[in-house]
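These notes are about the structure you will find just below.
The values are calculated or read from the model by the stated rules, or taken from the named source; none is laboratory data. Every value quoted in this text rests on a predicted model; they were computed, and no experiment measured them. Please note: Cβ atoms are built from the backbone with ideal geometry, for glycine as well, and neighbour counts cover all protein chains shown. These area figures cover heavy atoms from the full protein model, side chains too; ligands, DNA and RNA do not enter into them. Shrake-Rupley method; radii C 1.70, N 1.55, O 1.52, S 1.80 Å.
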Amino acid sequence: MSANGSPTGQQPTATYDSAFLKACRREPVPHTPVWFMRQAGRSLPEYHKVREGIPMLESCTRPELVAEITLQPVRRHNVDAAIYYSDIVVPLKAIGVDLDIKPGVGPVVAHPIRTRADLAQLRDLTPEDVSYVTEAVGLLTAELGPTPLIGFAGAPFTLASYLVEGGPSRTYENAKAMMYGDPELWADLLDRLADITGAFLEVQIEAGASAVQLFDSWAGALAPADYRRSVLPASAKVFDAVAGYGVPRIHFGVGTGELLKLMGEAGADVVGVDYRVPLDEAARRVGPGKALQGNLDPAVLFAGKDAVETKAREVLDAAAGLEGHVFNLGHGVMPSTDPDALTRLVEYVHTQTAR
């Protein structure tokens, strides 16, 4: 956004006055906007129907399918924003990294990056590598109209952890061994991933995405000093790459209560907060000048309507003094969540916060 508050770059004017983008810009809103991480799929029967027999990574390369899955929760739940259906490893697959998403496991990398020679796997990403993304975003923005589309990417640290470990990890022993033991190689790895991630977000914004979210799913495994020294520069490079477009930039990680201020410093306009830190306390940690997103515990949705409303009210009360608040879960929608519980939650937040 320009200094006088007008849209700049690729900001789609149809979505500019939406509740979601207003909240991201810390402007007055008609109601608190709501969207859910992992709303595109997982818990929806219509998602499982259209994806039947189609591997995860293949589903991310079919524009019509991506558009349909992205739109499903908007139709069903009346959320205030769509999140582009993808996976954090899509740009890595697009540049030729030998990986696959194994059901019940997650991304598995055939040749983990452990040496400087292994960095050769990571060439620059071009728009041609992900032409299906451009096509899918075009289909979506035409269909969504005034509803914003949020672009999506994994942050350099989380991508690096998958690449170095070779798959999901609870200990991050190989990634941290490189970070501590060969800081130059680690810095070069994250810098290269920052370029790839920035390019991936640029493609989405150029095609019409109204905002972007950087997921650093594993950043909570880091101490603040290590994050500042070994991770923040790469995340900042990603945010800098898209700063000129004027679209809101959201930063989210899990278990990042100790990192909230630093995640804001990386360049986010909106800091996502998981369910472990109340939003008023999160605001104190982040400091002024940032909107916050969050942060209902996803497990609350299994507790029944009254409990959901009670806990949602607590989130709204904690957010009452914020400059900008986007209601979300404090992590992603769990696969066995009742979709009707999400629909009711959206309606409750809209009703309770109508101005």
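Which residues make up the longest stretch of the chain that has no GluC sites (Glu not before Pro) in a DSSP loop with at most 15 other Cβ atoms within 10 Å?
In the chain, the maximal stretch lacking such sites is 53-322.
Compute the long axis of helix 232-241 from its Cα atoms, compare it with the longest principal axis of the Cα atoms of the chain, and write down the angle in degrees, 0 to 90, nearest 10.
Relative to the chain, helix 232-241 is tipped by roughly 70 degrees.
When you count, for each residue, the other Cβ atoms within 10 Å and take the mean per peptide, how do 107-116, 151-160 rank with the highest first?
Packing order, densest peptide first, comes out as 151-160, 107-116.
Quick one: P(r) of the range 178-292 from all Cα-Cα pairs, 5 Å bins, percents rounded to integers, in order of increasing distance.
For the range 178-292, the pair-distance distribution reads 2, 12, 22, 24, 19, 12, 7, 1, 0.
Go ahead and set up a Gaussian network model of the chain, Cα springs under 10 Å, then flag whichever of ILE95, ILE250, ILE83 fluctuates most.
Maximum among the listed residues: ILE95.
Net charge near ASP269, counting Lys/Arg +1 and Asp/Glu -1 over other residues with Cβ under 15 Å of its Cβ?
Net charge in that neighbourhood comes out at +2.
Roll a 1.4 angstrom probe over the protein heavy atoms and tell me the percent of accessible area of the chain that is carbon or sulfur.
Working: 7050 of 13920 Å².
Ligands and nucleic acids excluded, carbon and sulfur give 51 percent.
What does the charge dipole of the chain about its Cα centre add up to, to the nearest 20 debye, if the Cβ of each Lys and Arg holds +1 and the Cβ of each Asp and Glu holds -1?
Here the chain has a charge dipole of around 560 debye.
For a quick check of understanding: with a 1.4 angstrom probe and all protein chains in place, what accessible area in square angstrom does VAL50 have, to the nearest ten?
Roughly 50 Å² of VAL50 is accessible to a 1.4 Å probe.
Where only protein heavy atoms count, and the probe is 1.4 Å, what is the accessible area per residue for the chain in Å²?
With the other protein chains kept in place, the chain gives 39 Å² per residue.
For the range 120-232, how big is Rg over Rh, using alpha carbon atoms and the Kirkwood form of Rh?
Looking at the range 120-232, the ratio lands at 1.04.
I want to make sure I understand the PRE zone here: with the label point 7 angstrom from the Cα of LYS261 toward its beta carbon, which residues in the range 223-241 have backbone N atoms less than 19 Å away?
Once the point is set 7 Å along Cα→Cβ of LYS261, 223-233, 236 turn out to lie under 19 Å by backbone N, inside the range 223-241.
With a point put 7 Å past each Cα toward its Cβ, work out how far ASP340 is from HIS31 in nm, to one decimal.
According to this spin-label approximation, the distance is 2.0 nm.
So if we plug the beta-carbon distance of THR310 and ASP100 into 1/(1 + (r/R0)^6) with R0 = 25 Å, what FRET efficiency do we get, rounded to 0.05?
Numbers: r = 42 Å, r/R0 = 1.68.
For THR310 and ASP100, the calculated efficiency is 0.05.
Ratio of the range 254-355's C-alpha Rg to 2.2 N^0.38 Å, to two decimals? Could you put the intermediate results ahead of the total?
Values: Rg = 13.5 Å, N = 102, 2.2 N^0.38 = 12.8 Å.
Ratio of Rg to 2.2 N^0.38 Å for the range 254-355: 1.06.
For mean projected area of the Cα convex hull in nm², which listed value, (i) 17.8; (ii) 15.9; (iii) 19.3, comes from the coordinates shown?
Computed from these coordinates, mean projected area of the Cα convex hull in nm² corresponds to label (ii).
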